[in-house]
Amino acid sequence: MLYNEVTEIFEKTILPVVTLKYGLDGYQLQPLQAHEGGRNVIYICEKENAPAYVLRISYQNDRSREDYLAEMEYVRYLYDNGASVANVISSKEGNLVEELDYNGQLLFICLFEKARGMQLAENNYRYRDGAPLSEYFFNCGKTLGKIHQLSKAYQPIHKRYHFPDKFNDKYIDKLLPKKYEVLKKGISAVLEELDSIEKTREVYGMVHFDYSDGNYHIDFDNGDITVYDFDNCCHAWYMYDLAELWVHGEGWIMHEPDEVKKQQFMDNYLAEILKGYRTETTISDDMVAKLPLFVKATRIELIVDAFEVEKSTGENYLDEEDIEEISEDILSR
């Protein structure tokens, strides 16, 4: 089943069932525009004088009920222990995940609180009036640090995959076409280096795996950040999420022609991120020094995701120029 098929059948077939299961009578459901590579159909659920929710319908066959339960349990654990995340809402039957069968196609339904505030992009990438960007960077790190600190004590009931389970030579060789042999060798070298890093509880655990300004809201009254979309969460090194922040932080300075100024900005950016992060948890300077390696890991994830989407939909959201640019990042020394 494809994205358009799910949206077409939703109002006629799925909506009445979901409304009953979650008590959404009287709510107006507005579909959210899917992003490239998206695996879910999302609806914003709003009703006057009532809490707003986000409804997620997962329709692809790349994950099991166990995967979704593991994600929801992690989100609930984080919320219950004080992390600033959008909580998952149980159905009227008390289930974190509801499963529907539509003509043999399994659909997994989850409902979340709608995070306070809005995305930075919705505010035209302007931070809140009267506050410096350094506050925003600090809060990004602090919010992530709280999540990682809680992950260090997390004992899951249902399991999510570990980074090496998916990002390994065998899987990537099968996923990527033969014409990308040079890229495959470069990815293999990065994965080998990552595999040599310890996996102790202090450096390795459940991570968001897509921590960026597209997956949290900012309360522009006070700067608080609320994180959502743990769809990619897995067991990996905590540095991965920090590397994701670094990659997205480059957007602030991408049009600066002066390389020295660029580097100065990014150094200050990282310093503020870590300052906030370390108010909640610890991370060694030795791990931070591995940032370039983990930046390459984020690029590998992007390549893998794009080819997985192509495998399931027939369309790759990266063109050849994109793939070449990402390959250069991975292959660079």
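The values are calculated or read from the model by the stated rules, or taken from the named source; none is laboratory data. Since this is a predicted model, take the numbers as computed values, not measurements. When we count neighbours, we look across all protein chains shown, and the Cβ atoms used for this are built from the backbone with ideal geometry, even at glycine. Just the protein is used for accessible areas: all its heavy atoms, side chains included, with ligands, DNA and RNA removed. Shrake-Rupley method; radii C 1.70, N 1.55, O 1.52, S 1.80 Å.
A few comments on the model shown:
- Largest to smallest principal axis extent of the C-alpha atoms in the range 185-333, angstrom: 43, 39, 33
- Accessible area expressed per residue, the chain, with surrounding protein chains retained (probe 1.4 Å, Å²): 50
- In this entry, the range 1-118 is assigned a mean projected area of 7.8 nm², taken as a quarter of its C-alpha convex hull surface.
- Here each label is just a point 7 Å from Cα along the line to Cβ, and for residue 247 and residue 322 those points are 1.2 nm apart.
- For the range 71-184, the fraction of alpha-carbon pairs in successive 10 Å shells from zero, as %: 10, 24, 27, 28, 10, 0
- Spherically averaged projected area of the range 68-132 from its Cα convex hull (nm²): 7.0
- Alpha-carbon gyration tensor eigenvalues x 5, square-rooted, for the range 193-235, Å: 28, 11, 9
- Stokes-Einstein D for the chain, Kirkwood Rh over Cα pairs, 20 °C, 1.002 mPa s (µm²/s): 101
- FRET efficiency, 1/(1 + (r/R0)^6) with R0 41 Å, evaluated for residue 174 and residue 219 via beta carbons: 0.40
- Alpha-carbon centroids, the range 70-123 and the range 179-243: separation in whole Å: 20
- Ranking 304, 17 by solvent-accessible area of protein heavy atoms (1.4 Å probe, all protein chains present), from largest to smallest, gives 17, 304.
- Tail beyond 13 Å, pair distance distribution of the range 146-216 (Cα, percent): 74
- In this structure, the amide hydrogen of residue 85, modeled 1.01 Å from its nitrogen in the peptide plane, lies closer than 5 angstrom to those of 227, counting only residues at least 5 positions away or on a different chain.
- Gain on full stretching of the segment that runs from residue 271 to residue 285 - 0.36 nm per residue minus C-alpha separation: 3.9 nm
- Among 143-156, 120-133, 285-298, 225-238, sorting by the average number of other beta carbon atoms lying within 10 angstrom of each residue, highest first, gives 225-238, 143-156, 285-298, 120-133.
- Accessible area of the range 1-94 belonging to carbon and sulfur atoms, whole % at 1.4 Å probe: 47
- Segment residue 21-residue 192, length gained on full extension (0.36 nm per residue, minus Cα span): 56.9 nm
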